[in-house]
Amino acid sequence: MKKGDLMEKMFFFDIDGTLLDFTKGLYTISEKTIESMNKLKEQGHSVFLATGRCKCFVLDEVMKYPFSGYVTCNGGYIEYKGKGIYKNIVPAKAIETTHNLCKENGWLYYFEANDKIYVLDKDDPKHIQFRDGWGMKESTICDDFEFDKIETYIGMIVINDKGDIPLMVETLSPYFDIQKHNSGNSFDLTLKGESKGASIKRLANALGIDIKDTIAFGDGRNDIEMLETVGLGIAMGNAVEEAKEASDYITDSV
């Protein structure tokens, strides 16, 4: 595909803390933001989601917007114009190890595919509270599966308190890069070597776009590589300090 066949620049938007913010009651993309994204597309640019969430974990209101494509699962899955162009599957051994660790310690885990989210116990009250707080669809949740029969691209874990971190890191770091969320005791379990930044590079290369013609907005620790990789990295005003330091520019808060 020739560069001239494509849109001029690629814009990437994180979701939580960038387009939405559940902690502030912002569950939909603002009309002003939608207007801005529409203008970008009208000018010939492409607009992507770049999120730690899998597709079925993205709120319906967000999915209504006609994005050009998706970098989901912190880079573990890429889709462009409705077609998957890259995926990195979580090994069954990594899922089994996480399952056993959470079962022994009363923690929660989530392994995410495009259409399902796999959990330890879908009836656990702690899971139900977390599920509803993060906007997961009950219909996507599954707790009856075989480790080697599912295809997922990222994990997430919820521990009980900070004292659990050393055991979690020691047990799971052979498989995952572990990134704390901005609040609470939840963490992304991103496959080693994966990141939004790495997959934006893959996507740009596949489409013949120079990386300098990429722009990204983010706020979290899982956005750091993305903000460092793109031609222009923009941190939200509410971003964690590490993301602000990795960015070229800091904008207003969500």
Residue set Glu31, Glu42; condition without any contact (Cβ under 8 Å) to a residue 60 or more places away in the chain, loosely packed, with under 13 Cβ neighbours inside 10 Å, farther than 29 Å from Ser183 by Cβ and acidic (Asp, Glu); output residue Glu42
Could you figure out which of (1) in a loop (DSSP other than H, G, I, E, B); (2) under 23 Å from His127 (Cβ atoms) isn't true of Phe187? (1)
Subset of region 214-254 [in a strand (DSSP E or B), open to solvent by 40 Å² or more (accessible area, probe 1.4 Å) and either of a type outside the set (A, V, I, L, M) or touching a helix residue (DSSP H, G or I) at 6+ places or on another chain (Cβ under 8 Å) (or both)]: Phe217, Tyr249, Ile250
Which residue out of Tyr86, Tyr70 is open to solvent by less than 30 Å² (accessible area, probe 1.4 Å), within 28 Å of Phe187 (Cβ to Cβ) and assigned to a strand (DSSP E or B)? Tyr70
Modelled with pLDDT under 95, within 30 Å of Gly237 (Cα to Cα) and touching a strand residue (DSSP E or B) at 6+ places or on another chain (Cβ under 7 Å), is that true of Met37? no
List pairs: first residue in region 52-70 and in contact (Cβ under 8 Å) with a residue 40 or more places away in the chain and β-branched (Val, Ile, Thr), second residue open to solvent by less than 20 Å² (accessible area, probe 1.4 Å) and not in a loop (DSSP other than H, G, I, E, B) anywhere in the structure, Cβ distance under 9 angstrom, at least six positions apart or on different chains. Val58/Leu49; Val58/Thr72; Val62/Leu20; Val62/Leu49
Condition first: modelled with pLDDT under 95 and closer than 15 Å to Gly52 by Cβ. Now tell me which residues in region 70-115 satisfy that. none
Index of the failed condition, Val47 passing every other in (1) open to solvent by less than 10 Å² (accessible area, probe 1.4 Å); (2) of a type in the set (Val, Ile, Thr); (3) part of a helix (DSSP H, G or I): (3)
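To keep it simple, each residue is scored yes or no on (1) out of contact with any Lys or Arg (no Cβ under 7 Å at 6 or more places or on another chain); (2) of a type in the set (A, V, I, L, M, F, W, C); (3) farther than 19 Å from His181 by Cα.
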{"position": "Leu59", "(1), (2), (3)": "yes, yes, no"}
{"position": "Met63", "(1), (2), (3)": "yes, yes, yes"}
{"position": "Val71", "(1), (2), (3)": "no, yes, no"}
{"position": "Val90", "(1), (2), (3)": "yes, yes, yes"}
{"position": "Thr98", "(1), (2), (3)": "yes, no, no"}
{"position": "Asp124", "(1), (2), (3)": "yes, no, yes"}
Taking only pairs six or more apart or across chains, which ones have beta-carbon atoms under 6 Å, a first residue in region 139-155 that is touching a residue at least 40 places away in the same chain (Cβ under 8 Å) and over 19 Å from Asp177 (Cα atoms), and a second residue that is among the charged types (D, E, K, R) and not in a loop (DSSP other than H, G, I, E, B)? Phe147/Glu96
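The values are calculated or read from the model by the stated rules, or taken from the named source; none is laboratory data. These figures come from a predicted structure and were not determined experimentally. Every residue, glycine as well, gets a Cβ built from its backbone with ideal geometry; the counts of neighbours run over all protein chains shown. Note: accessible area is taken over every heavy atom of the protein model, side chains too, but ligands, DNA and RNA are not part of it. Shrake-Rupley method; radii C 1.70, N 1.55, O 1.52, S 1.80 Å.
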